[in-house]
Amino acid sequence: MSENPIAALESADETVRSVEREIEAFGESSVTTVADAYGDMVDLFERYEDRATGTGDFQAFVEFQDAVAQLVEGLPDDMTHRDAFEETLDVLDKRRLSESDFAAARETLADVASVAELPEERANALETYRDARKAAARRKGTVEDRIDHLERLLELGDADLDAPIDTLRDPIEAYNEAVRDAFRTFRSEESARTVLGLAVDADKYPLVDLDPPPSDLLDYVRESPAGEEPIPTLLSYADYSKSKLDHYVDDAATLKRQVATRQTYLERFDADPLTVEWPPTDADRLWWRTRELISLVSRFASEEVVALLRDVRTLTREDDYERLRNAAVARERLGPEERDRLASGDVADELDDLCEERDALDDALGEYPDR
């Protein structure tokens, strides 16, 4: 089981505070001075150890001892752990150095290392803290989504499952069937230029999710004589060989490039975005969406089809619309398991637990701010 995000955040906060207390005890500037000096000393060790040991490079040996001496002599007199650096200098003050001398020098700097590493420890602790806070925020979002779901389940549990939902379903299905038939005819008989023009105009209606055509395809059907052909014809052309296609269009290569590469879009361009979903959405949204649909559907469908759509819009103003809609949604979404959990009270119990967790997470995020 994953760690409790609140406990992880509390632990991460305590770690940050612990490191900050250590830094505060020495002083920020003092820690920085020690860290810089320690880093310079370690750098000297790494640069010279292989060359300055044994009977190797005498010039490197001299350079190394001079560099260490200059480093130590240049340290502030009141610097924390300055004596450790002086001890290091003493350890290395020999006529010949061995690997064990370097090991002993590093050992004299053990306490210095613990101070020098504090800035990095603080950075790592802060990173862990920020990750823990993000995890808590993500968990809060997950919990809130689950709460919304359970609250909706409880609402659906109160729905009248015996309500006559065909009062809604029949007009919606009648319209959906009619608009699909009308759009198939429109797509197969009208020019690609006209049909794709409908998709362009649909961009003005945010509640109608009719994907606009790719710009290069749109330019092609607007400018080329081939754009006067219906979409099924263009798709057939795209399967022709170039020699065969030359008999039908002026520029076979351009047609293949523009149509064949957009074949998926053209094949999927259907009436689905113009239909009304089942179960339907809430009354206000459906009223506004049907209003937008009427503007588009009336451009290619008969008045009979548009009248069916107006019938659907009229439903949204009926007094029992929400009752019937809730019943429709409940029948669609409440399976046997959900109904059993509602009846047993498990849903309500889980909701109570999650609300408590959400409040605790909210409190924790307020107590432990961004850093």
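The values are calculated or read from the model by the stated rules, or taken from the named source; none is laboratory data. The model shown is predicted, which means the values in this text are computed figures rather than measured ones. Quick reminder, even Gly has a Cβ in these numbers, built from the backbone with ideal geometry, and neighbours come from all protein chains shown.
Whether any residue in segment 151-160 is surrounded by 12 or more Cβ atoms within 10 Å (Cβ to Cβ), more than 32 Å from the chain's Cα centre (by Cα) and in a helix (DSSP H, G or I) is what I want to check.
If we filter segment 151-160 for residues that are surrounded by 12 or more Cβ atoms within 10 Å (Cβ to Cβ), which is where we start, we get 151-157, 159-160.
From the residues that got through so far, the ones that are more than 32 Å from the chain's Cα centre (by Cα) too are 157, 159-160.
Those left that are additionally in a helix (DSSP H, G or I): 157.
Looking through segment 151-160, at least one residue is surrounded by 12 or more Cβ atoms within 10 Å (Cβ to Cβ), more than 32 Å from the chain's Cα centre (by Cα) and in a helix (DSSP H, G or I).
Quick one: in segment 60-92, of everything that is polar (S, T, N, Q) and closer than 14 Å to Phe45 by Cβ, which residue is surrounded by the most Cβ atoms within 10 Å (Cβ to Cβ)? Steps first, please.
First, the residues of segment 60-92 that are polar (S, T, N, Q): 65, 70, 80, 88.
Pick out the ones that are also closer than 14 Å to Phe45 by Cβ and you get 65, 88.
Details: Gln65: 18, Thr88: 22.
Looking at residues that are polar (S, T, N, Q) and closer than 14 Å to Phe45 by Cβ, I get Thr88.
Against the condition surrounded by 12 or more Cβ atoms within 10 Å (Cβ to Cβ) and among the basic types (Lys, Arg), how does Arg95 come out, does it pass? Break it down into steps so the answer makes sense when it comes.
Values: surrounded by 12 or more Cβ atoms within 10 Å (Cβ to Cβ): no; among the basic types (Lys, Arg): yes.
For Arg95, the condition - surrounded by 12 or more Cβ atoms within 10 Å (Cβ to Cβ) and among the basic types (Lys, Arg) - is not met.
Just checking, which of Ala174, Ala125 is out of contact with any strand residue (DSSP E or B) (no Cβ under 6 Å at 6 or more places or on another chain), small (Gly, Ala, Ser), in contact (Cβ under 8 Å) with a residue 24 or more places away in the chain and within 30 Å of Glu322 (Cα to Cα)? Outline the logic, then answer.
Numbers: Ala125 fails: within 30 Å of Glu322 (Cα to Cα).
Result: Ala174 is the single residue among Ala174, Ala125 that is out of contact with any strand residue (DSSP E or B) (no Cβ under 6 Å at 6 or more places or on another chain), small (Gly, Ala, Ser), in contact (Cβ under 8 Å) with a residue 24 or more places away in the chain and within 30 Å of Glu322 (Cα to Cα).
Thr142 fails exactly one of the following numbered conditions: (1) surrounded by 17 or more Cβ atoms within 10 Å (Cβ to Cβ); (2) among the β-branched types (Val, Ile, Thr); (3) free of Cβ contacts under 8 Å to residues at least 12 places away in the same chain. What is the number of that condition?
Failed condition: (1).
Please find, within segment 21-59, the residue that is surrounded by the most Cβ atoms within 10 Å (Cβ to Cβ) out of those that are on the phi < 0 side of the Ramachandran plot and not in a helix (DSSP H, G or I). Give the steps one after another, and end with the answer.
Start the filter on segment 21-59 by keeping residues that are on the phi < 0 side of the Ramachandran plot, which leaves 21-26, 28-53, 55-59.
In the following step, the residues that additionally are not in a helix (DSSP H, G or I) were identified as 53, 55-57.
Values: Thr53: 19, Thr55: 7, Gly56: 14, Asp57: 15.
The residue in question is Thr53.
Residues Pro232, Pro213: which one is outside any helix (DSSP H, G or I), modelled with pLDDT of 80 or more and either within 21 Å of Thr194 (Cβ to Cβ) or not assigned by TED's automatic domain parsing to the domain that holds Phe300 (or both)?
Values: Pro232 fails: outside any helix (DSSP H, G or I).
Only one candidate passes the filter, namely Pro213.
Which residues, counting only those in segment 284-330, are outside any helix (DSSP H, G or I), surrounded by 17 or more Cβ atoms within 10 Å (Cβ to Cβ) and either touching a His at 6+ places or on another chain (Cβ under 9 Å) or not small (Gly, Ala, Ser) (or both)? Let's see the steps before the verdict.
Kept after step one, since they are outside any helix (DSSP H, G or I), are these residues of segment 284-330: 298-302, 316-320.
Subsequent filtering for residues that are surrounded by 17 or more Cβ atoms within 10 Å (Cβ to Cβ) retains 300-301, 316.
Within segment 284-330, Phe300, Thr316 qualify.
For Val112, work out the one condition from (1) surrounded by 13 or more Cβ atoms within 10 Å (Cβ to Cβ); (2) under 38 Å from the mean Cα position of the chain (by Cα) it doesn't fulfil.
(2)
Might you check whether a residue that is of a type outside the set (Lys, Arg), touching a residue at least 12 places away in the same chain (Cβ under 8 Å), loosely packed, with under 14 Cβ neighbours inside 10 Å and in contact with a Phe, Trp or Tyr (Cβ under 8 Å, 6 or more places away or on another chain) occurs anywhere in segment 209-230?
Yes.
This table checks each residue for (1) modelled with pLDDT of 95 or more; (2) closer than 30 Å to Arg21 by Cα; (3) in contact with a strand residue (DSSP E or B) (Cβ under 8 Å, 6 or more places away or on another chain).
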position	(1), (2), (3)
Asp66	no, no, no
Ala84	no, yes, no
Leu92	no, no, no
Ser98	no, no, yes
Tyr129	yes, yes, no
Lys140	yes, no, no
Glu144	yes, no, no
Leu153	no, no, no
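For Ala178, indicate whether it is at pLDDT 95 or above and closer than 26 Å to Leu315 by Cα.
Details: at pLDDT 95 or above: yes; closer than 26 Å to Leu315 by Cα: yes.
Yes: the conditions hold for Ala178.
Among what's in segment 264-278 and is among the charged types (D, E, K, R) and in a helix (DSSP H, G or I), pick the residue that is surrounded by the most Cβ atoms within 10 Å (Cβ to Cβ). Reasoning before the result, please.
Our first condition is that a residue be among the charged types (D, E, K, R); within segment 264-278, this holds for 267-268, 270, 272, 277.
Going one step further and asking which of them are in a helix (DSSP H, G or I), we end up with 267-268, 272.
On the way: Glu267: 11, Arg268: 9, Asp272: 14.
Within segment 264-278, the match that is surrounded by the most Cβ atoms within 10 Å (Cβ to Cβ) is Asp272.
Can you tell me how many residues within segment 318-371 are touching a Lys or Arg at 6+ places or on another chain (Cβ under 7 Å) and of a type in the set (Phe, Trp, Tyr)?
Adding up the residues that qualify gives 1.
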